[in-house]
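First up is the structure itself, then whatever we jot down about it.
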Amino acid sequence: MGSQLSCFKVTVNVGSGESSNNFEEINVNRGDDPRDLAYNFCKQHDLTIGLEHNLYAQIKENMETLFGSPVFGTKVTDKLDH
């Protein structure tokens, strides 16, 4: 039997300007809530709600693709509506 993927990293450029190379990583584990990951990362880096929505969507899509099942934000459902 092959091993099943249980985690991955998302790399985000948090710098400003086209030539910025200030990259930060988000560690994503099976069972994580993509809403929590996006909210906490954007709060830590003072990023906008629009970026938070985009980051959430990207994390969720990657989780569904790599973990092979639908992902629902179950811990906190209203964070993106603040």
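Tabulated data
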| read-out | value |
| --- | --- |
| Selection count where residues are touching a His at 6+ places or on another chain (Cβ under 9 Å) and closer than 22 Å to Leu66 by Cβ, scope the range 8-50 | 4 |
| Of all residues in the range 57-71 being loosely packed, with under 12 Cβ neighbours inside 10 Å and touching a helix residue (DSSP H, G or I) at 6+ places or on another chain (Cβ under 9 Å), the one that is nearest to Pro34 (Cα to Cα) | Pro70 |
| Some residue of the range 60-69 being modelled with pLDDT under 90, hydrophobic (A, V, I, L, M, F, W, C) and not in a strand (DSSP E or B) | yes |
| Neighbours by Cβ (under 7 Å, 6+ apart or cross-chain): first from the range 32-49, outside any helix (DSSP H, G or I); second among the small types (Gly, Ala, Ser) and surrounded by fewer than 20 Cβ atoms within 10 Å (Cβ to Cβ) | Asp33/Gly73 |
| Looking only at the range 17-56, and only at residues there that are of a type in the set (D, E, K, R), surrounded by fewer than 20 Cβ atoms within 10 Å (Cβ to Cβ) and within 13 Å of the chain's Cα centre (by Cα), the one that is nearest to Cys7 (Cα to Cα) | Arg30 |
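The values are calculated or read from the model by the stated rules, or taken from the named source; none is laboratory data. The model shown is predicted, which means the values in this text are computed figures rather than measured ones. Cβ coordinates were reconstructed from backbone atoms using ideal geometry, including for glycine residues, and neighbour counts include every protein chain displayed.
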